[in-house]
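One structure is given below, encoded as structure tokens.
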Amino acid sequence: MIGIISYAVFFTTIAAILAIAVLGLNFQWGNTGLFNGGVAAFFGAGAYATIMLGGTPQPDQLGGFGLFYPLALIGGTIIAGALAWVVGLLTLRLRHDYLAISTFGVAVAFETVVRNASGFSGGALGMRGFERPLEALIANPFFYNLLFLLLVAVVLLAVYFYLERVIKSPFGRLLRAIREDEVAAQSLGKNPSKIRLKAFVVGSMIMGMAGGLFASFYAFISPQDVLPTLTFQIWAMLIVGGAGNNKGAIAGTFIIWGAWTLSGWGLANYAPIEAQLYTGSIQYIIIGFIIVGMLLWRPQGLFPEKLVVSQSGR
Amino acid sequence: MIQSLADGILSGSIISLGAIGLTMVMHTLRFANFSHAELLSLGAYIALVFDGVFSALLPVLSTSLGGLSLTWGLLLAFPVALLITGFSAMIIDRWVFKRIREKGEELSMVFASFGVALIIRNALGLMFGLETQLYSDDIAFAMLLSQDPLLIVKPDQVFVLGLTAVIMVLLHLMLSKTTFGYSLRAVAENPTLAAVSGVDLKRVIATIWILGGGLAAAAGIFYGLTNNISPIMGRDLVLPIFAATIVGGIGSIYGAVLGGFIVGLAANMALLILPSGYSPAVPFLIILAVLLVRPNGLFGEARS
């Protein structure tokens, strides 16, 4: 029994961390219409930076400043935002497909760099030497995981309510105006490229925070965790949930992560031994079919965006 | 240096072939197709299958052409793979992209291409195994063209370059001399206007997929012949091919060819100063550089 509960805690923690990243993506795509094909890079930037800032000094690793944990996490978030700012400045004035390609390129370049810069990011072996916050105080690992889940849940709720507030604010209306018709927004004296950059940076910072939480939960991050395919998984979660709807984004994350975990467990236990080598392939095929199927039959997602009238016209 | 130049031209020719189809699709259908590079893997594996079938039916075919590691069986499998890959591309469009296009969501096609890429790549891995394969285990001896500066070229590479040149000349003749070439360029320029002027839009789009898929298959087979075949070759080639289309300017076929050579040369030249592990990031740097200097590529025109 305790095994099932502790697994449920573990599962919920990871799903909630991914949900934070999906919320960040939803802010960019669902609310502003920005196509970010490089989620893995911003998630990874936050993850690596958090470990660098909050970890202990290790050979072949930059950082190890041992910062107070909240500062390390915020630092990771800011560094992800800085990366997004640079990328956004270069690409946001371009057409959508250029943005999709260049952000995808960022993710490939990011993975390449952290995999090869062995004197800087630990290379393919990844980064270690991180002490999880408060772990020394709580001896029981189960209670510690429960506490970590609480931390993640608090961050998830905070991000959710923050985004809901932003979306309902005049700034949120402006984002949707730019998404729907950039020229019209411009003719009303708004500056679409500046606003888009802002939304891109904020969304990427949220992804970076998710990455920071992910790395601190495992006290470890490696290039294997930030493969460009992570971007596809996170996109699948948003598409299933419903772009533009934050509750949907969270629900989509739990559905996809649940399906991913369950299929992995099922294949590991019931598939013939020869097929188990291909577990990953089968799971990615399933994800692929989910993406294509949703777009064909329910493009608005399971929980579509609720269109609101901000002011009743009289 | 000279060696890098030679290797760059070779990989550039492969990237060019892949980029031609992608640039046509991106321009006429207005979406970044992330699954295009998977057509290269698809073509490479189809050729592998038919090479095996032909050689099993007629064992004579498993002998290689003089000096090359290319067998007669593979040479016969080449056009078959081009055709099947081309038609597969068309069918994928009919089943997936066309339906989404008709709903009017341009960017949804980009997500759909993520999904299609995942399906093709992992299905190939499931069917053929995750390990790398070769068309032939025979060793084709490299020719030492020059001792100093060192220049080693494999006969396969010369063959691939020659065949690429032939394919490109044929393509050029088709684009500039045939009615289909005119209608293709008209559609690329302005689909609505082309349709009004009596161009059969559906037929042109189908042909673009067949042509683009066929060229991608050729690129995939050439890649397999000069490197190896693996289910992840599409993953490794997607960014260089995108870079080639952006360098050339989306929609410009000649631009894509030149872009391919620029990307191939730059990636190989970069190996002179960078450790080889970093080479996957080079196309991204090229994309950034080009977008900074000429946001519409070297040959592209601004388009709303």
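Under 9 Å between Cβ atoms, which residue pairs at least 6 apart in sequence (or on different chains) link something in segment A:33-46 that is within 11 Å of chain B (Cβ to nearest Cβ) with a partner that is part of a loop (DSSP other than H, G, I, E, B)?
Sorted first by the residue in segment A:33-46, then by its partner, the pairs are A:34/A:92; A:35/B:32; A:37/B:32; A:37/B:34.
When you check residue B:303 against the structure, is it modelled with pLDDT of 90 or more and either more than 10 Å from every other protein chain (Cβ to nearest Cβ) or over 20 Å from residue B:172 (Cα atoms) (or both), yes or no?
Against the criterion (modelled with pLDDT of 90 or more and either more than 10 Å from every other protein chain (Cβ to nearest Cβ) or over 20 Å from residue B:172 (Cα atoms) (or both)), residue B:303 does not qualify.
Going through B:5, B:29, B:22 one at a time, which residue ends up being within 14 Å of another protein chain (Cβ to nearest Cβ), surrounded by fewer than 24 Cβ atoms within 10 Å (Cβ to Cβ) and either modelled with pLDDT of 85 or more or in contact with a Lys or Arg (Cβ under 7 Å, 6 or more places away or on another chain) (or both)?
None of the others qualify; the one that does is B:29.
Which condition does residue B:269 not pass, out of (1) over 15 Å from the mean Cα position of the chain (by Cα); (2) within 11 Å of chain A (Cβ to nearest Cβ), if it passes all the others?
The single condition residue B:269 does not satisfy is (2).
Taking segment B:118-138 on its own, how many of its residues are within 8 Å of another protein chain (Cβ to nearest Cβ), over 17 Å from residue B:96 (Cβ atoms) and of a type outside the set (Gly, Ala, Ser)?
2
Please state which one of B:243, B:206, B:218 is closer than 21 Å to residue B:283 by Cα, at pLDDT 90 or above and either in a helix (DSSP H, G or I) or over 14 Å from the mean Cα position of the chain (by Cα) (or both).
Being closer than 21 Å to residue B:283 by Cα, at pLDDT 90 or above and either in a helix (DSSP H, G or I) or over 14 Å from the mean Cα position of the chain (by Cα) (or both) holds for just one of B:243, B:206, B:218, which is B:243.
What is the residue count in segment B:166-193 for residues that are among the hydrophobic types (A, V, I, L, M, F, W, C) and in contact (Cβ under 8 Å) with a residue 40 or more places away in the chain?
Looking only at that region, the number is 7.
Testing residue B:79 on (1) within 14 Å of chain A (Cβ to nearest Cβ); (2) closer than 19 Å to residue B:18 by Cβ; (3) of a type outside the set (Asp, Glu); (4) surrounded by fewer than 20 Cβ atoms within 10 Å (Cβ to Cβ), one condition comes back false. Which one is that?
Exception for residue B:79: condition (1).
Between a first residue in segment B:275-296 that is within 7 Å of another protein chain (Cβ to nearest Cβ) and a second residue that is buried (at least 20 other Cβ atoms within 10 Å of the Cβ) and modelled with pLDDT under 85, which pairs have beta carbons less than 7 Å apart while being 6 or more apart in sequence or on different chains?
That search, which allows pairs on different chains as well, returns B:291/A:91; B:291/A:98.
Please work out which residue is nearest to the other protein chains (Cβ to nearest Cβ), limiting yourself to segment A:247-274 and to residues that are free of Cβ contacts under 8 Å to residues at least 12 places away in the same chain and either assigned to a helix (DSSP H, G or I) or basic (Lys, Arg) (or both).
So the residue we want is A:274.
Give the residues of segment A:275-305 that are more than 11 Å from every other protein chain (Cβ to nearest Cβ) and without any contact (Cβ under 8 Å) to a residue 12 or more places away in the chain, sorted by residue number. Explain how you work it out, then say what you get.
Going residue by residue through segment A:275-305, those that are more than 11 Å from every other protein chain (Cβ to nearest Cβ) are A:276, A:298, A:301-305.
Residues satisfying the conditions are A:276, A:298.
Among (1) within 15 Å of the chain's Cα centre (by Cα); (2) within 11 Å of chain A (Cβ to nearest Cβ); (3) buried (at least 23 other Cβ atoms within 10 Å of the Cβ), there is one condition residue B:236 misses while meeting the rest; what is its number?
The single condition residue B:236 does not satisfy is (3).
Against the condition crowded, with 24+ Cβ neighbours inside 10 Å and not basic (Lys, Arg), how does residue A:35 come out, does it pass?
On the way: crowded, with 24+ Cβ neighbours inside 10 Å: no; not basic (Lys, Arg): yes.
Criteria not met by residue A:35.
The values are calculated or read from the model by the stated rules, or taken from the named source; none is laboratory data. What you see is a predicted model, and the numbers here were worked out from it, not measured in a lab. Note: ideal-geometry Cβ built from the backbone for every residue, glycine included; neighbour counts use all protein chains shown.
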